[in-house]
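*Asks:* The structure follows.
The values are calculated or read from the model by the stated rules, or taken from the named source; none is laboratory data. Everything numeric in this text was worked out from a predicted model, so none of it was measured. Every residue, glycine as well, gets a Cβ built from its backbone with ideal geometry; the counts of neighbours run over all protein chains shown.
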Amino acid sequence: MRSPHAPPRACRAHHRRSRPIGPHRLLDAPRLRSPFVQPAQFASHYWPTLKPCIEEFWKNGHQTLFYAEGRWKHHLETFRELPPRSIVFHCDQDDVFDVHRQLHDRFALSGGIPNVMLSYGSEDEVRAFCRRVIAEVAADGGYILDAGAIMQDDVRPENLRALTETARRDGVYASPAYNPQPIPPADLPDSIASRHQVQGLAGRPVPNPRPGVCYPWEEKVRELPEITGDRQLVRRIWEDVDAFGAMYIWQLLLSF
């Protein structure tokens, strides 16, 4: 992050690999742990990379599951720039009730059941918390009951059973007339209209680096002074370092 130019160039290199392929309607999202990035870097590097990717997916009829790992409360207002329904916002360590207050009118939500509670809390605590989430977050629909993060083997089986039993007992709609239509969110009439309005990756040059490359040697060498030593050694070192950068950004932005 020290260079003001290299990271955005590297981030743009991943736009080529962010174009939707295949029939999947719900795609896993580029992500990072928000506490690792300063607000200025979020604005200058992360959001300008992420937003066009999500818009491109949405434009092509794909909804994004955004796993908001860590705490994202300082960026929730920014997510409102995305088209309605374009993401499912998965709540990890944020207060799911606060996230609901700020985003429920725009996106479906998931998660928010604390993993610490599932591992070390009591069954009664899990049931009470799940009932509150169902009553306050899921009352109007648009919520998927789930743990905040991946459940590891320290989760108490009794607590997992309490979660699933509460969901099956209390997480249903009272009206027998409720009959959800099997229409993908991206195919609803107002969603189709919004998909025609987003820019996505349109107008952006398609990056040409090879897979796993951020800044090709062929471009970098033109910026260097004359190489008087072993040219191949310098190239190998550069390409090794660049490959680590590509792997880091891929993990940071695009992997799960």
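*Asks:* Which members of the stretch 149-166 meet the condition of being at pLDDT below 95 and not β-branched (Val, Ile, Thr)?
*Replies:* Within the stretch 149-166, Ala149, Met151, Gln152, Asp153, Asp154 qualify.
*Asks:* Which pairs have Cβ atoms under 7 Å, sit 6 or more apart or on different chains, and link a residue in the stretch 124-152 that is under 13 Å from Ala167 (Cα atoms) and touching a residue at least 12 places away in the same chain (Cβ under 8 Å) to one that is acidic (Asp, Glu) and surrounded by fewer than 19 Cβ atoms within 10 Å (Cβ to Cβ)?
*Replies:* Listed by first residue and then by second, the contacts come to Arg131/Asp170; Ile134/Asp170.
*Asks:* May I ask you to list the residues in the stretch 213-248 that are under 30 Å from Trp58 (Cβ atoms) and loosely packed, with under 13 Cβ neighbours inside 10 Å?
*Replies:* Tyr248
*Asks:* Looking at the stretch 184-197, can you tell me whether even one residue there is in a loop (DSSP other than H, G, I, E, B) and either modelled with pLDDT of 90 or more or within 26 Å of the chain's Cα centre (by Cα) (or both)?
*Replies:* Taking every residue of the stretch 184-197 in turn, at least one turns out to be in a loop (DSSP other than H, G, I, E, B) and either modelled with pLDDT of 90 or more or within 26 Å of the chain's Cα centre (by Cα) (or both).
*Asks:* Looking at Val126, is it closer than 24 Å to Val198 by Cβ and either buried (at least 22 other Cβ atoms within 10 Å of the Cβ) or within 13 Å of the chain's Cα centre (by Cα) (or both)?
*Replies:* Values: closer than 24 Å to Val198 by Cβ: no; either buried (at least 22 other Cβ atoms within 10 Å of the Cβ) or within 13 Å of the chain's Cα centre (by Cα) (or both): yes.
So Val126 fails the test.
*Asks:* State which residue is surrounded by the fewest Cβ atoms within 10 Å (Cβ to Cβ) when the search covers only the stretch 71-100 and only residues that are of a type in the set (Val, Ile, Thr) and within 12 Å of Lys51 (Cβ to Cβ).
*Replies:* Thr78
*Asks:* Then there's this: What pairs can you find where one residue is in the stretch 204-220 and touching a residue at least 60 places away in the same chain (Cβ under 8 Å), the other is part of a loop (DSSP other than H, G, I, E, B) and basic (Lys, Arg), and their Cβ atoms are less than 9 Å apart, with a gap of 6+ or different chains?
*Replies:* From residues that are touching a residue at least 60 places away in the same chain (Cβ under 8 Å), the pairs are Val206/Arg19.
*Asks:* Could you check, for the stretch 112-119, whether at least one of its residues is under 23 Å from Tyr173 (Cα atoms) and either without any contact (Cβ under 8 Å) to a residue 60 or more places away in the chain or surrounded by 13 or more Cβ atoms within 10 Å (Cβ to Cβ) (or both)? If you could, list the steps in order and put the result at the bottom.
*Replies:* Narrowing the stretch 112-119 to residues under 23 Å from Tyr173 (Cα atoms): 112-113.
Now narrow it down to the ones that are either without any contact (Cβ under 8 Å) to a residue 60 or more places away in the chain or surrounded by 13 or more Cβ atoms within 10 Å (Cβ to Cβ) (or both): 112-113.
Yes, some residue in the stretch 112-119 is under 23 Å from Tyr173 (Cα atoms) and either without any contact (Cβ under 8 Å) to a residue 60 or more places away in the chain or surrounded by 13 or more Cβ atoms within 10 Å (Cβ to Cβ) (or both).
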